[in-house]
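Below is one structure; the comments refer to it alone.
The values are calculated or read from the model by the stated rules, or taken from the named source; none is laboratory data. This structure is a prediction, so every number in the text was calculated from the model and none was measured. No Cβ is skipped: glycine too gets one built from the backbone with ideal geometry, and neighbour counts run over all protein chains shown.
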């Protein structure tokens, strides 16, 4: 994939201010939650088109100014696969089985569920993972008569940590991978180790906080032990088919760099194959359950950010950032890591990363004007910046209940089940964990990319 | 036939949104209409303003946890019903009531009312006058009883 280079000839004219106004107003509306974020994004994008900040040809067909279809089709493909897998009950089977392996001991269940959530989040998207694990968690907490809230918060945090490890784990990574032309293994190799360390430290912290607090009676543990996890499986044939396709898709992701496929190709192939072998005659449901609001949120944002790129606002900002750190790339990395963490805790990390991606590319162009394509995107001094952005944006999501979609879902499901997680209660766990995890990420980036060069 | 002729008048038989379900369930059990204990009551704020309605269906719904979806519906245990029932008692009327109601007017035709209940799949409608004051509640069962008096008179 060659990124299309556009000629920059802009000045701070009318369209410059119009584009910024549209974007800022949209951002305020998204944060205020007065209007649904998808509606805001679609309206903002259409305004960019109507006011001719970007024209439709650019918005639909130029990656630089418009929709990144890699991201869109990767999301849609994975969502279709999950929609077909969910009703089989395989995930609930895993959860109940592991709760039994933990012998109904609440603290062990907490740890095991944290690990399962992290691993699943690395392979599926975070929202799906928590949608699968939270109901089982509420059930088990009820059975054991323990407070479900620590479990739910730990799962939300784990899903964001686990999702950081892979290209498909978290939307920021999907977006970064596409823009920076990084493959699945790049993410595993560069982010995997630090996520492993972060997860271990996180589990240690959980042990210190909850190790003694979670207790239950022997009789209640029997409730868990007497459950038959096989009851969860609704369709054994479909379980086999979907596990086969999932394995194929994961293999595809691992090899996509070597085979020169985009991740979206792999996901779409998997979606098509599973639809075919599922034998369903009515694909409506699997397709209708794709989270279209999320997909259109991405589409709208890409076009809005495209407007900002086109009027030159993004390259102006990238010059500012480089000025701020005086071109020192270690400082730039650190700035991006911490700024991303804070920004992602406060606003949705999707618009944030959508804006930062072109900014990083612009920065690279300014630093190495003679390079282009992968020579530019994968410049050894630029890579740590991409990883800082990914780590900051993904881990920062843990900072508040609105920092990541998984958190929003968990809080919503908990409330529906009658255990309200207040904003501050989430922050009380989330903010310190975010600080510790980003701190570890900082040490990692310094050690791996700067200390010995 | 008009609604006001067959409705159950609302006098003291109503609930407050901040009441616990423990209170509400016991009140409903004690309140009788046409010799049966009632299956639903209006919820009034400050004793005047209609904010919702609570029926036994809403209460039974509250006992089934929201997380019991298709895949884990089978994972229950002995004693779950009793534990949940106690938990439900601690919930508030506000948490389970149905808001945004369809209402009837005292002078509405009963047949129009019946049509509305069927169309909206509800068993009862609060009867409200033009000033918004709740006068009564009309139930599907009241409509049926009114029918029986006509039908049975003819056949006898």
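Miscellaneous remarks
- For the criterion of being modelled with pLDDT under 95 and either surrounded by 18 or more Cβ atoms within 10 Å (Cβ to Cβ) or under 15 Å from residue A:444 (Cβ atoms) (or both), residue A:206 passes.
- Any chance residue B:38 is within 19 Å of the chain's Cα centre (by Cα) and either surrounded by 15 or more Cβ atoms within 10 Å (Cβ to Cβ) or within 14 Å of chain A (Cβ to nearest Cβ) (or both): yes
- Taking segment B:89-100 as the range and being at the interface with chain A (Cβ under 9 Å from one of its Cβ atoms) and in a helix (DSSP H, G or I) as the test, only B:95 passes.
- Subset of segment A:379-395 (residues that are surrounded by fewer than 18 Cβ atoms within 10 Å (Cβ to Cβ) and touching a residue at least 12 places away in the same chain (Cβ under 8 Å)): A:379, A:381, A:383
- Looking across segment A:187-203, the residues that are buried (at least 16 other Cβ atoms within 10 Å of the Cβ) and farther than 18 Å from residue A:431 by Cβ come down to A:187, A:188, A:190, A:191, A:194, A:195, A:199, A:203.
- Boolean, residue A:62 is surrounded by fewer than 24 Cβ atoms within 10 Å (Cβ to Cβ), within 14 Å of chain B (Cβ to nearest Cβ), touching a helix residue (DSSP H, G or I) at 6+ places or on another chain (Cβ under 9 Å) and farther than 22 Å from residue A:205 by Cβ: no
- Residue match in segment B:134-150 (condition: within 14 Å of chain A (Cβ to nearest Cβ), touching a residue at least 12 places away in the same chain (Cβ under 8 Å) and within 14 Å of the chain's Cα centre (by Cα)): no
- Meets criteria (closer than 25 Å to residue A:336 by Cα and surrounded by fewer than 17 Cβ atoms within 10 Å (Cβ to Cβ)) for residue A:439: yes
- Condition met for residue A:162 (part of a helix (DSSP H, G or I), free of Cβ contacts under 8 Å to residues at least 40 places away in the same chain, more than 28 Å from residue B:64 (Cα to Cα) and under 23 Å from the mean Cα position of the chain (by Cα)): no
- Applying a threshold of 6 Å to beta carbon distances and a minimum spacing of six or more residues, or different chains, the list of pairs starting in segment A:80-97 at a residue that is more than 9 Å from every other protein chain (Cβ to nearest Cβ) and ending at one that is surrounded by fewer than 22 Cβ atoms within 10 Å (Cβ to Cβ) and assigned to a loop (DSSP other than H, G, I, E, B) reads A:83/A:289; A:84/A:278.
- Just one of the listed residues (A:349, A:357, A:407, A:398) is within 30 Å of residue B:64 (Cβ to Cβ), in contact with a helix residue (DSSP H, G or I) (Cβ under 9 Å, 6 or more places away or on another chain), away from chain B (no Cβ under 14 Å) and surrounded by 20 or more Cβ atoms within 10 Å (Cβ to Cβ), namely A:407.
- Restricting A:71, A:31 to those that are under 27 Å from residue A:252 (Cβ atoms) and away from chain B (no Cβ under 14 Å) reduces the list to A:71.
- Restricting A:444, A:449, A:453 to those that are modelled with pLDDT under 95 and crowded, with 19+ Cβ neighbours inside 10 Å reduces the list to A:449.
- Helices (runs of 4 or more DSSP H) enclosed by segment A:263-378 - at least 3 residues per element that are closer than 23 Å to residue A:18 by Cα: A:292-310, A:313-324, A:349-367
- From the options A:234, A:221, residue that is surrounded by 14 or more Cβ atoms within 10 Å (Cβ to Cβ), within 12 Å of chain B (Cβ to nearest Cβ), modelled with pLDDT under 95 and more than 21 Å from residue A:132 (Cα to Cα): A:221
- Test result for residue A:119, surrounded by fewer than 24 Cβ atoms within 10 Å (Cβ to Cβ), more than 12 Å from chain B (Cβ to nearest Cβ) and either in contact with a strand residue (DSSP E or B) (Cβ under 6 Å, 6 or more places away or on another chain) or within 26 Å of residue A:74 (Cβ to Cβ) (or both): yes
- In this structure, residue A:193 does not satisfy being in contact with a helix residue (DSSP H, G or I) (Cβ under 8 Å, 6 or more places away or on another chain), within 14 Å of chain B (Cβ to nearest Cβ) and more than 30 Å from residue A:64 (Cα to Cα).
- Condition met for residue A:194 (within 30 Å of residue A:149 (Cβ to Cβ), assigned to a helix (DSSP H, G or I) and within 19 Å of the chain's Cα centre (by Cα)): yes
- Flag if residue B:103 is touching a residue at least 60 places away in the same chain (Cβ under 8 Å) and away from chain A (no Cβ under 12 Å): no
Yes/no per residue for (1) modelled with pLDDT of 95 or more; (2) surrounded by fewer than 24 Cβ atoms within 10 Å (Cβ to Cβ):
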residue	(1), (2)
A:114	yes, yes
A:125	no, no
A:146	no, yes
A:150	no, yes
A:161	yes, no
A:178	no, yes
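- Wholly within segment A:381-453, helices (runs of 4 or more DSSP H) carrying at least 2 residues that are under 16 Å from residue A:134 (Cα atoms): A:405-416
- Among the residues of segment A:122-142, the ones that are part of a helix (DSSP H, G or I) and away from chain B (no Cβ under 14 Å) come to 5 in all.
- Residue selection: residue B:110 fails the criterion of being closer than 30 Å to residue A:225 by Cα and either more than 11 Å from every other protein chain (Cβ to nearest Cβ) or surrounded by fewer than 16 Cβ atoms within 10 Å (Cβ to Cβ) (or both).
- In summary, helices (runs of 4 or more DSSP H) completely within segment B:1-88 and bearing 1 or more residues that are touching a residue at least 40 places away in the same chain (Cβ under 8 Å), over 25 Å from residue A:141 (Cβ atoms) and touching a helix residue (DSSP H, G or I) at 6+ places or on another chain (Cβ under 9 Å) occur at B:3-6, B:21-30.
- Scanning segment A:231-253 for residues that are closer than 25 Å to residue A:383 by Cα, in contact (Cβ under 8 Å) with a residue 40 or more places away in the chain and in contact with a helix residue (DSSP H, G or I) (Cβ under 7 Å, 6 or more places away or on another chain) turns up at least one hit.
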